[in-house]
Amino acid sequence: MPYKPYKEVALGLASALIIFLAANGYDLLPLLFLGGALGLLFYFLHSRGAVRSLVVKGGKDDDTITFAEIGGQRAAVEELKEALDFIRHYPQARRLGVRPLKGILLTGPPGTGKTLLAKAAAGYTDSVFLAASGSEFVEMYAGVGAQRIRNLFQMARERAQQNGKNRAIIFIDEIDVLGGKRGKVNSHLEYDQTLNQLLVEMDGMKGDEKVNILVIAATNRADLLDPALLRPGRFDRQVRVDLPDKEGRLEILQLHTRNKPLAPEVDLEAVAKETLGFSGAHLESLANEAAILALREGANCISQRHFMEAIERVMLGARLERRPGKEEIWRVAVHETGHAMVSEWIRPGSVTTLTVTPRGGALGYFRQQYDEDSYLYTQEQLEGRLAVLLAGAIAEEVVLGTRSTGAANDFEQATRIAETMVRSGMSRLGVAGSAEVPEELHHELLKEIFSRQEERVKNYLEGNRSRLISIAERLLAEERLTGEVFRELFAQERVPSTCQQEKRGGKANK
Ligand code: ATP
């Protein structure tokens, strides 16, 4: 290309103009000031902001990984694969009029493997992979973020074509930084413009272009996202990527010790048991720390002691998000067992899972299955639900003597149920317009409904205290109990009174 000295000519002309004006006695200060401001603006918008500081990773083939290299995320992998199959078999889907999948949102705590999942998705769909972080799009200068979004999509198309592929996956980590609810950031509209540009790009994707793009975004806080992002046709698939449970942690440890020499006595299961609350990233670091310890000692292989010491190191080095202490986990185990026992007592066969692995903002959880989705509930059903909700706190009281804040969410749900009962004429007041019930009386009615159930649950759990403790101990040891295992334990030492028998005997609390 012939050399074109535009910059030099422009500089020469500008200098000549300045000398000419100065020689003729003009005040040059405003001109210089204006020139400086324009220069700075140009610099931020074009050279630094829009192009250079967008750190895009990925695209190399040695970067690809497979789903088999991701441990402890079976449910997330299945869900993701199911969504990606639409893309792999798009011609068939298109014939049936299925619209292209444009966005998948991965939600979950840091270090659980969201980036790995997005990379594996690229391998699975034979796409080029580009990754950027939400914070890279947000600058103080209006328009920069939007420009970067355009560049990113452009870059994805170019990279795919260079690699002879017709698909690209753009992974945006920390999407909440740029995709927060619009109008909430009051300093300027930069965030809103960036988000708008992302929506425009996603809406523009038709599924029949030379390069089809899929956006995979990750966040820890899906609740902060602008609803426009979650609208059908944008990020309409959400995949939850949670902290791994004991089995999951074992899988991840096995993956990260594959290429490390382990002493014969190493018991990775015991390590998995000790690492409740660890993410995949923590476990990777744990395996690495254990190897470093072995290296320092000049050992040929990594022993169990190295792993146990490494646990402490990882815990001290990184403040683990919400890693409960031993007493706290015991309380959670008692709480969840209380819910499960009352659920099983009231509706035999209803418990599906109970776990003390921290998940989705809770320290543990218990799941029950419903026969079918009902639109109407009888008083008996609502009272049963109330009893199950209150059972966690009451179990804590029965076993540990006190309640904790862990039940706040249960009580919120219980209050909504009790309010529905009052509105549906199931309180002692009978049918009455809610507007006419004074606040004090309303409060009293709720209290009556609660105390009836509290008494019923307390009697039951006190009568079954030893069973409650032994199941909670088992839950603590196993970390997760399936419905079947729970029912086996529940059936042992069974006392003859069941809910139905109690009701037949006239003891039902109505
Ligand atoms: P962040 O939200 O902080 O970006 P992330 O969820 O995207 O985190 P990754 O970047 O995918 O987490 O994981 C970081 C590292 O931790 C990975 O490179 C891998 O070594 C390890 N890791 C995390 N999760 C898993 C997993 N499920 N299986 C195997 N390794 C994992």
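The values are calculated or read from the model by the stated rules, or taken from the named source; none is laboratory data. Quick caveat, the model's predicted, so the values are computed rather than measured. Every residue, glycine among them, receives a Cβ derived from its backbone with ideal geometry; neighbour counts consider all protein chains shown. Surface areas here come from the heavy atoms of the whole protein model, side chains and all, with no ligands, DNA or RNA. Shrake-Rupley method; radii C 1.70, N 1.55, O 1.52, S 1.80 Å.
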* Condition met for GLY113 (touching a strand residue (DSSP E or B) at 6+ places or on another chain (Cβ under 8 Å), at pLDDT 85 or above and on the phi > 0 side of the Ramachandran plot) -> no
* Asked: How about the stretch 233-287: which of its residues are out of contact with any strand residue (DSSP E or B) (no Cβ under 9 Å at 6 or more places or on another chain), open to solvent by 30 Å² or more (accessible area, probe 1.4 Å) and within 16 Å of the ligand (Cβ to nearest atom)?
  -> LEU250, GLU251, GLN254, LEU255, HIS256, ARG258, ASN259, ALA281, HIS282, GLU284, SER285
* To do: Being open to solvent by 20 Å² or more (accessible area, probe 1.4 Å) and either assigned to a loop (DSSP other than H, G, I, E, B) or away from the ligand (no atom under 13 Å from the Cβ) (or both) is the filter here, so list the residues in the stretch 110-119 that pass it.
  => PRO110, GLY111
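Does the stretch 298-308 contain at least one residue that is more than 23 Å from ILE65 (Cα to Cα), in the same structural domain as GLY71 (by TED's automatic domain parsing) and not small (Gly, Ala, Ser)? If you could, list the steps in order and put the result at the bottom.
Of the residues in the stretch 298-308, the ones more than 23 Å from ILE65 (Cα to Cα) are 298-308.
Retained after the next criterion (residues that are in the same structural domain as GLY71 (by TED's automatic domain parsing)): none.
No, the stretch 298-308 contains no residue that is more than 23 Å from ILE65 (Cα to Cα), in the same structural domain as GLY71 (by TED's automatic domain parsing) and not small (Gly, Ala, Ser).
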* **Number of the condition not met by ALA131 [criteria: (1) aliphatic (A, V, I, L, M); (2) open to solvent by 20 Å² or more (accessible area, probe 1.4 Å); (3) within 13 Å of the ligand (Cβ to nearest atom)]** => (2)
* Asked: Which condition breaks for GLY49 when tested against (1) away from the ligand (no atom under 16 Å from the Cβ); (2) modelled with pLDDT under 80; (3) open to solvent by 70 Å² or more (accessible area, probe 1.4 Å)?
  -> (3)
* **Single condition ASN300 does not satisfy, out of (1) modelled with pLDDT of 85 or more; (2) surrounded by 19 or more Cβ atoms within 10 Å (Cβ to Cβ)** => (2)
* Within the stretch 459-469, can one find any residue that is out of contact with any Leu (no Cβ under 7 Å at 6 or more places or on another chain) and within 15 Å of LEU382 (Cα to Cα)? -> no
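How many residues are at negative phi and assigned to a loop (DSSP other than H, G, I, E, B) when one looks only at the stretch 63-99? Quick ask: steps written out before the conclusion?
Residues of the stretch 63-99 that are at negative phi, as a first pass: 63-71, 73-96, 98-99.
Remaining after also requiring assigned to a loop (DSSP other than H, G, I, E, B): 64-66, 70-71, 73, 89, 96, 98-99.
Going through the stretch 63-99 one residue at a time, the tally reaches 10.
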* Structure fact -> Checked pairs for the stretch 315-340, first closer than 12 Å to ALA393 by Cα and outside the structural domain of GLY111 (by TED's automatic domain parsing), second modelled with pLDDT of 85 or more and assigned to a loop (DSSP other than H, G, I, E, B), C-beta under 7 Å and 6 or more apart or across chains, list as ARG331/SER404; VAL332/VAL356; ALA333/VAL356; GLU336/VAL356
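Just give me the residues in the stretch 67-106 being of a type in the set (Val, Ile, Thr) and within 10 Å of the ligand (Cβ to nearest atom), in sequence order. Show your work before the answer.
Taking the stretch 67-106 as the starting set, the residues that turn out to be of a type in the set (Val, Ile, Thr) are 70, 77, 87, 98, 104.
Of everything in the stretch 67-106, those that are of a type in the set (Val, Ile, Thr) and within 10 Å of the ligand (Cβ to nearest atom) turn out to be ILE70, VAL77.
Can you tell me which of LEU255, LEU283, LEU276, LEU250 is in contact with a helix residue (DSSP H, G or I) (Cβ under 9 Å, 6 or more places away or on another chain) and in a loop (DSSP other than H, G, I, E, B)? Working first, answer last.
Working: LEU255 fails: in a loop (DSSP other than H, G, I, E, B); LEU283 fails: in a loop (DSSP other than H, G, I, E, B); LEU250 fails: in a loop (DSSP other than H, G, I, E, B).
On inspection, the qualifying residue turns out to be LEU276.
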* Return only the number of the condition from (1) at pLDDT 90 or above; (2) within 29 Å of VAL332 (Cβ to Cβ); (3) more than 16 Å from the ligand (Cβ to nearest atom) that MET308 does not satisfy. => (1)
